[in-house]
Amino acid sequence: MISSQKNSAPSLADSQVKTRYEFLDFLRGLMMISVIVYHFMYDLVDIMGMDIPWFGTTGAWYWQQITAGTFIFLSGVCCNFSRNNTKRGVRLFMWGVLITVVTLCIDLADEMFHGIFIYFGILTCLGCCGILLGFFKDKLWDKIHPAVGAPVSILLYLFTRGIYMCGKGVKLTGVYRGFLGIERLPLIWLPHKLYTYVGLEPFGLPTESFSSSDYFPIIPFFFLFMFGYFSWKLIKNTKFINKIAHFRFKPINFVGEKSIWFYLLHQPIIALVLGAVMLFSGKLF
């Protein structure tokens, strides 16, 4: 995932403001727990070969999309508290690169793990979004009124969501290509030629040979990220936010505060647990 995917907005510990919005840590913690459960099921199905029919349904797909989308949205929100979004973005990007290198090595090391390779996963995406926000923050983004920025961002996200859904292009038109439209409803099919150039995967234009177990391109997800950034500016002083600002449940908030570490470590731990099961029980499933 996550496709699955997976998380992680940096902790609010970097906040410059005096008020700590603990409900944001709570929400991020819930999403991180959802990520862990999703990836556990993903490993059971794709690596250990367990038969879980529901995991291949549209419902499971929406589960993954909602979890990942919420993380991206919250990451945009939390950029309002960061001292240096560019620096934070570079840090997340480098974590994403590390995951790419590690998963490539694992993928090549054992046929059982073939397909685990992650290229341009959610951390890489969040890193790029943070860099783009930080670099142009004073020059561009903060000159846009949030009442304009928020609706424009979410509309652009919905309009461009189909750009990397090439499987739908094959299914509906017989041609490998994405589309522009309303959410998942195609209005304008993009030329197949755009999907033949290697190197455009970060922008939502994967080639037919492209494969990644966790893929979140800059387009459309930068727009969702910016929706979070602008939305917070609109709602931060409302009575509702003030009312729930300190809502917390300690165990879940802890997960949210340390979400980057939970994200980085949960898959290796799951792999060790499942590996131990296979070692002592044989191929269980």
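Every read-out reported here was derived from the displayed coordinates using simple, explicitly stated rules and does not represent laboratory data. Quick caveat, the model's predicted, so the values are computed rather than measured. In this analysis, Cβ positions are derived from the backbone assuming ideal geometry, glycine residues included, and neighbour counts consider all displayed protein chains.
Just a few scattered comments:
- Mean Cβ count within 10 Å, highest first, over the residues of peptides 123-131, 226-234: 123-131, 226-234
- Of Tyr229, Ala271, Leu132, farthest towards positive along the dipole that unit charges on Lys, Arg, Asp, Glu beta carbons give the range 19-281: Tyr229
- Secondary-structure-derived ellipticity at 222 nm for the chain, considering helices only, amounts to -19000 deg cm²/dmol, per-run term -39500 (n - 2.57) for DSSP H runs with n ≥ 4.
- For the range 19-281, averaging the sequence separation of C-alpha pairs within contact (under 8 Å, six or more residues apart) and dividing by the residue count gives a relative contact order of 29 percent.
- Highest average first, the peptides 240-253, 160-173 ordered by how many other beta carbon atoms sit within 10 Å of their residues are 160-173, 240-253.
- Translational D in µm²/s for the range 109-180 (Stokes-Einstein at 25 °C, 0.890 mPa s, Kirkwood Rh from C-alpha pairs): 159
- Answer label, with mean projected area of the Cα convex hull in nm² calculated from the coordinates and candidates (i) 16.0; (ii) 12.4; (iii) 13.4: (i)
- Neighbour net charge for Leu180 - beta-carbon separation under 14 angstrom, K R +1, D E -1: +3
- For the range 126-264, the Cβ-based charge dipole about the Cα centre amounts to some 500 debye (Lys, Arg positive; Asp, Glu negative; other atoms uncharged).
- Placing +1 on the Cβ of every Lys and Arg and -1 on the Cβ of every Asp and Glu, with no other charges, gives the range 19-281 a dipole of roughly 1380 debye about its Cα centre.
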